[in-house]
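Contents: one structure, followed by commentary.
Please treat every number below as a calculation from the coordinates, not as lab data. What you are looking at is a predicted structure, and each value in this text was computed from that prediction instead of being measured. Glycine gets a Cβ as well: all are built from the backbone with ideal geometry, and neighbour counts include every protein chain shown.
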Amino acid sequence: MTSEPSMSLHSVLKLALSILLAVVAVSVIRLLWVLPAFTTQPPPSRKSSAKIVIVLGSGGHTAEMLRMIEHLEFKKYNRRVYIVSSGDTLSEGKARTFEQRKQGSKEQNVSIPCKRY
């Protein structure tokens, strides 16, 4: 017979318990590092309204943008600037109609000359 050192049941259990505790400790440390703080802070409230710039254009972009801002809280974003190409009267008209429908608007239109080659 060969005489190989054999591990006793007690040694195997100690090793398994040590590995399990190490895995649990690493997992807890990882969770605490990755997860945000347990106390959530309310978002800061804005005292004044914010300004938003809406760029309109051709190819369905105007309709997309107007759909995106449809559900904005217009009390929070009551200073709206629409940027429209100087030759895009259709987009400008849609923006004006949108603002009239929303009422109480403080919108500002900016036309940008567009050169097409």
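For segment 51-70, the set of residues classified as within 16 Å of LYS102 (Cβ to Cβ) and either acidic (Asp, Glu) or loosely packed, with under 12 Cβ neighbours inside 10 Å (or both) consists of ARG67, MET68, GLU70, listed by residue number. Scanning segment 71-94 for residues that are among the acidic types (Asp, Glu), closer than 20 Å to SER45 by Cα and surrounded by 14 or more Cβ atoms within 10 Å (Cβ to Cβ) yields no hits at all. With SER45, SER58, SER86 as the choices, which residue is touching a strand residue (DSSP E or B) at 6+ places or on another chain (Cβ under 7 Å) and either among the polar types (S, T, N, Q) or free of Cβ contacts under 8 Å to residues at least 24 places away in the same chain (or both)? Checking each option against the conditions leaves just SER86.
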